[in-house]
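Colleague: The structure under discussion is supplied below as structure tokens; questions concerning it will follow.
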Amino acid sequence: AFQGCTGLTSIILPNSVTSIGNWAFQGCTGLTSIILPNSMTTIGNWAFKYCTGLTSIILPNSVTSIGYEVFQYCTGLTNITLGNSVTSIGDEAFYDCTGLTSIILPNTVTSIGKEVFRGCSGLTSIILPNSVTNIGKEAFRGCTSLTTITLGNGVISIGKEAFRGCTGLTSIILPNSVTSIGNEAFRGCTGLTNITLGNCVTSIGDDAFQGCTGL
């Protein structure tokens, strides 16, 4: 609908709007402000991809799902508030959002998809609620500033390369709910000095801690 409208700086959506379609605002590089109504339930794939001027956004509590690559390459995005009804975050949703420093995930989120926060080099800390059961492949890969992550008691599996290259991570505690650690999950985490494995871990993937020279 507004794909590539580089001169668009702000937009207010009325309460009659319930969904934003695929690519709706993709490439709107001048967009700095958008207000989403409380009637909004879904945000389509690639909806705000390459909106490099967007600095913050608030998703109302009515939103239940965020599509694939929705905010990918939104390098100016520093703050985002997720509503209390979000259950799923699509793959690569915040890929390369280098300006993002923190995000609070509501207790409704059940899984962190593939490469969701990959390349978010400014992200310093994150808390995963107990509702999260799976951390997807490369979910936090390349989050070099990430120093603190708290895993909820519901996490069962940590995907392949989930924290690869998180050089700022110094310690991590895996809850007893974790049963498997994927291949290369912590590969290249050179700052990692301590890790506590829960009592239910049954498998540790190939090269899971390769290059963790500080461990």
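The values are calculated or read from the model by the stated rules, or taken from the named source; none is laboratory data. Source: prediction; values computed, not measured. All Cβ positions, even for glycine, are placed from backbone atoms using ideal geometry, and neighbour counts span all protein chains on display. Ligands, DNA and RNA are stripped out before the accessible areas are found, and what is left, the full protein with its side chains, is counted by its heavy atoms. Shrake-Rupley method; radii C 1.70, N 1.55, O 1.52, S 1.80 Å.
Colleague: List every residue pair whose Cβ atoms sit under 7 Å apart, with the two residues 6 or more apart in sequence or on different chains, where the first one lies in segment 140-164 and is open to solvent by 20 Å² or more (accessible area, probe 1.4 Å) and the second, anywhere, is among the small types (Gly, Ala, Ser) and not in a loop (DSSP other than H, G, I, E, B).
Modeller: Final answer for the pair search is Thr147/Ser125; Thr148/Ser125; Ser157/Ser180.
Colleague: From the list Ile80, Ile11, Ile34, which residue is under 28 Å from Ile135 (Cα atoms) and outside any loop (DSSP other than H, G, I, E, B)?
Modeller: Criteria check complete, one pass: Ile80.
Residue-by-condition table, conditions (1) of a type outside the set (Phe, Trp, Tyr); (2) open to solvent by 40 Å² or more (accessible area, probe 1.4 Å); (3) farther than 18 Å from Gly119 by Cβ:
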residue	(1), (2), (3)
Trp46	no, yes, no
Thr52	yes, yes, no
Gly76	yes, no, no
Ile89	yes, no, no
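Colleague: Scan segment 193-202 and give yes if some residue there is small (Gly, Ala, Ser) and at pLDDT 95 or above, otherwise no.
Modeller: Scanning segment 193-202 turns up no residue that is small (Gly, Ala, Ser) and at pLDDT 95 or above.
Colleague: Evaluate the following for Thr108: is it in contact with a Pro (Cβ under 9 Å, 6 or more places away or on another chain), open to solvent by 40 Å² or more (accessible area, probe 1.4 Å), without any contact (Cβ under 8 Å) to a residue 60 or more places away in the chain and under 27 Å from Thr147 (Cα atoms)?
Modeller: When the stated conditions are applied, Thr108 passes them.
Colleague: Let me ask another. Looking at segment 125-159, which of its residues are aliphatic (A, V, I, L, M) and farther than 13 Å from Ala185 by Cβ?
Modeller: Of everything in segment 125-159, those that are aliphatic (A, V, I, L, M) and farther than 13 Å from Ala185 by Cβ turn out to be Ile126, Ile127, Leu128, Val132, Leu146, Ile156.
Colleague: Starting from residues that are in a loop (DSSP other than H, G, I, E, B), of a type in the set (A, V, I, L, M) and in contact with a Ser or Thr (Cβ under 9 Å, 6 or more places away or on another chain), keep the ones in segment 120-162 and report whichever is nearest to Thr179 (Cα to Cα).
Modeller: My answer is Ile156.
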